[in-house]
Amino acid sequence: MFKQKISSFINTRLGFFSLLAVLLWLKNILAFTVDLKVGLENPLQYFIVAINPIASTLLLLSVALYIRRKAPSYVVMMIVYAAMTILLYANVNYYREFTDFITINTMLGAGKVSSGLGESALRLFRWYDVFYFVDILVLILALAFKKIKMQVAPVRARMAFAVSALSIMIFSGNLFLAETDRPELLTRTFSNDYLVKYLGINTFTGYDAVQTYKTNQVRAKASATDLDAVKEYVRQHYAAPNDSLFGIAKGRNVIYIHLESTQQFIINYKLKDANGVEHEVTPFLNSLYNSNSTYSFDNFFHQVKAGKTSDAETLMENSLFGLDQGSLFTQLGGKNTFQSAPNILQQTQGYTSAVFHGNVGNFWNRNETYKHFGYDYFFDSSYYDVNDENSFQYGLMDKPFLNQSIKYLERLQQPFYSKFILVSNHFPYSELSGNEAGFPQATTDDETINNYFATENYMDTAIKEFFDYLKASGLYDNSIIVLYGDHYGISNSRNKELATLLGKTKDTWTDYDNAQMQRVPYMIHIPGTTSGGVNHTYGGEVDALPTLLHLLGVDTSKYIQLGQDLLSKDHNQVVAFRDGSFVTPNYTYYGDTLYENATGQAVTEPSEKLKAQVKAWKKEVREQLDTSDTINNGDLLRFYTDSGLTTIDSTKYSYLKQMDRLEAIENKLGENSTSVYSKNGNKSTVDLFKTETYKQLNPDTTSTTESTSGK
Ligand code: GP9
Ligand code: MN
């Protein structure tokens, strides 16, 4: 009886439509259960993934319901159905190889990408993949042999419209839940994983198509002549290197250590525990900071916006800003031409380059962006042993991360330019568990603040272990090690709570203080030199690249870089924030208010002279930001030839099977191989990395906190 009802329902157009919708939903569930590991963390996320295909499936299929004639209506339904299946399956297959989803650019560039599609799609085939397609054949046969009858009477227009409207309602609900779980999803677009997890494959593809269209429009309008103003800006703002420091680190390996969410206030900070005993939070970083082999900066500001970590990377390695909205990495990273640090050093000094990061490669679209930056290697979480014990939401914890990186680091040909992106000091600074627990907590009313010190302390120990390895392996002496905080860790909304720990009070805390809190550490450690010290120059992340290149003896005058060498006598100390606010040594302009640094008070009645000065600063800051946007949005570096650099062909880069590549290079070079491994008589130096837990290092301390989170 029931069976009969179903089969007669399927013999109606609406019934057939429903059947297709259910089948597609099942295929999505299959895909997300077996292959698409988008990191589901809570019941709400499971629920969202379960509903995310529904809205788009109904909407696209409902197009056929508006067609009155029988055959065309069924044909359109089947075509839409097959197309959605193909899109889903193509993504599943692509994900198996690249742990990422197919963007419009990937589709357009498919012919150029040698791996991943076509031939390797076959290799990636799994037996159960037949479930994606077998039903299409069955349905076609069933229709052809009239096992499923096609209804002649059309669906009423009102009904078709109701289905479309329903799909839009479901979509709104879906989006609402997505934004509840992950605020700013669409404005910040963290990664394709995130978009697919929350919105489904179809919507992701549609969203990506719109974004791609928009960027292509701007790009199409840009031309080489737009570069004239940019070149003029760069010419006027060029700061010549300091002669006594130019080239002091020439030919050395570069090791960048990206200090996640680390602010300058943590340097030399001592946290009082419940008994009033002081604990130095980052003893190792402090020793570097205070060393005369380190050029340390105490007025160095981050300049990121919504792209957070990725913006910091953009700034540090390109001397360009991130975008005013969203992340440059996700929007343009896989499309634009860049003249980034790894590329410049490769082409002018023969450096090999590599990034190490314990999170999935598609976070912030790094796997694509790094190719455009010219990174030879990118070791993402797929290269590490990551499990529930040693990782958290954003990937591998810093100690195992640095430890496990050695087996790759030692195989790089020297000199190398490398970047280690730490991550365990990431919001929400969850309590450390087991043997890593024990560093005291602060006792404010804000949990996030309270545990920040413990994760900072953990990171500090991880860095010390890494330095010990560098010394033991001999890498230390011929390297320049640069450490920088990427952005604030405690947001402005929490700063009042933090105030008490900084010797200030909640009531007197203002936006002036918020602005000053945007300082992040910037330390250039050059073993063997003794002319370092704490430099009070005001500067920001945009200034890092020319600073580094000059130390490496690279002339930067022919590159399009918007920052200035911090060690140059010509360095201009107006530090732009991405929203147009700024800090200078004597004044701070933040949240539309001008403050005097000496008093921290708002300047309510500025003199005419000061007014004119502020106006000039605002203009200067705007010009720097606008120049950056013109370059990035118009992809202007594709027209820039004066640098003498050959444009990167990103399709020649791949981050698969990198160990094979490293070994092949060593073998080919034989005696001339300069990797640490080769120099060590083809023996690994992995054992030189010594790691210890907090408990091992502090056997006397009893844990002040009972840890529950496990991460
Ligand atoms: C993720 C990590 C964090 O891989 O780099 O990025 P953030 O959330 O700080 O921008
Ligand atoms: Mn970050």
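The values are calculated or read from the model by the stated rules, or taken from the named source; none is laboratory data. Since we're looking at a predicted model, the values are computed, not measured. Virtual Cβ from ideal backbone geometry, glycine too; neighbours counted across all protein chains shown. For the accessible areas, the whole protein counts, side chains as well, though only heavy atoms, and no ligand, DNA or RNA atoms are used. Shrake-Rupley method; radii C 1.70, N 1.55, O 1.52, S 1.80 Å.
Here are the numbers for this structure:
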item: Estimated dipole of the range 2-218 in Debye, rounded to 20 [Cβ of Lys and Arg +1, of Asp and Glu -1, Cα centre]; result: 1220
item: Peptides 212-225, 640-653, 445-458 ordered by average Cβ neighbours within 10 Å, highest first; result: 445-458, 640-653, 212-225
item: Estimated [θ] at 222 nm from DSSP helical runs (n ≥ 4, -39500 (n - 2.57)) normalised by residues in the chain, nearest 500; result: -14000 deg cm²/dmol
item: About the Cα centre, charge dipole magnitude for the range 571-622 (Lys/Arg +1, Asp/Glu -1 at Cβ), debye; result: 220
item: Ranked packing of 428-436, 470-478, most packed first, by mean Cβ within 10 Å; result: 428-436, 470-478
item: Under 23 Å from the Cα of K569 - lysines, other chains or at least 8 residues apart; result: K231, K250, K558, K618, K619
item: Label-to-label distance, nm, for residues given as F47 and V534 (7 Å Cα→Cβ offset); result: 5.1
item: Label-point separation in nm, S493 to D243, each point 7 Å along Cα→Cβ; result: 5.4
item: Rounded percent of accessible protein surface that carbon and sulfur make up, the chain, 1.4 Å probe; result: 56
item: Distance (nanometres) between label positions extended 7 Å along Cα→Cβ at V76 and V210; result: 2.3
item: Distant-in-sequence amide H partners of Y351 (H built 1.01 Å from N, under 5 Å); result: Q346
item: Gyration tensor (alpha-carbon) shape descriptor, the range 153-309, a/c threshold 1.5; result: oblate
item: Cβ-based charge dipole, the chain, positive-most Cα from A31, I67, S56; result: I67
item: Accessible area per residue in Å² at 1.4 Å probe, computed on the chain; result: 42
item: For the range 641-647, 3J(HN,Hα) per residue [Karplus equation, 6.51 cos²θ - 1.76 cosθ + 1.60, θ = phi - 60°, Hz, x = Gly/Pro]; result: 10, 4, 6, x, 7, 7, 5
item: Calculated from backbone phi, Karplus (6.51, -1.76, 1.60) coupling profile of the range 660-674 in Hz, x at Gly/Pro; result: 4, 5, 4, 5, 4, 5, 4, 4, 5, 6, x, 4, 7, 5, 9
item: Highest to lowest packing among 268-274, 395-401, 3-9, scored as the average C-beta count within 10 Å; result: 395-401, 268-274, 3-9
item: Positive-end residue, the range 2-218 charge dipole about Cα centroid, Cβ charges, pick of Q151, L122, T85; result: Q151
item: Stretch gain in nm, segment T604-M150, where the contour uses 0.36 nm per residue and the Cα spacing is subtracted; result: 155.7 nm
item: Nonlocal amide H pairs with Y587, under 5 Å, H built at 1.01 Å; result: N597
item: Cα centre as origin, Lys/Arg/Asp/Glu Cβ charges: the chain dipole, Debye; result: 3660
item: Solvent accessible area, Å² - R13, 1.4 Å probe, full protein context; result: 0
item: Convex hull of Cα atoms in the chain, direction-averaged projection (nm²); result: 36.7
item: Percent breakdown of C-alpha pair distances by 10 Å bin, ordered from the shortest bin, for the range 2-218; result: 8, 30, 34, 22, 6, 0
item: Nonlocal amide H pairs with V281, under 5 Å, H built at 1.01 Å; result: Y269, L271
item: Percentage relative contact order, the range 2-218, counting C-alpha pairs under 8 Å, at least six apart; result: 35
item: Nearby lysines by direct alpha-carbon distance to K690 (threshold 20 angstrom, same-chain neighbours under 8 apart not counted); result: K399, K407, K464, K471
item: In order through the range 615-627: 3J(HN,Hα) via Karplus (6.51 cos²θ - 1.76 cosθ + 1.60), integer Hz, x for Gly, Pro; result: 4, 5, 4, 4, 5, 4, 5, 4, 4, 5, 5, 5, 4
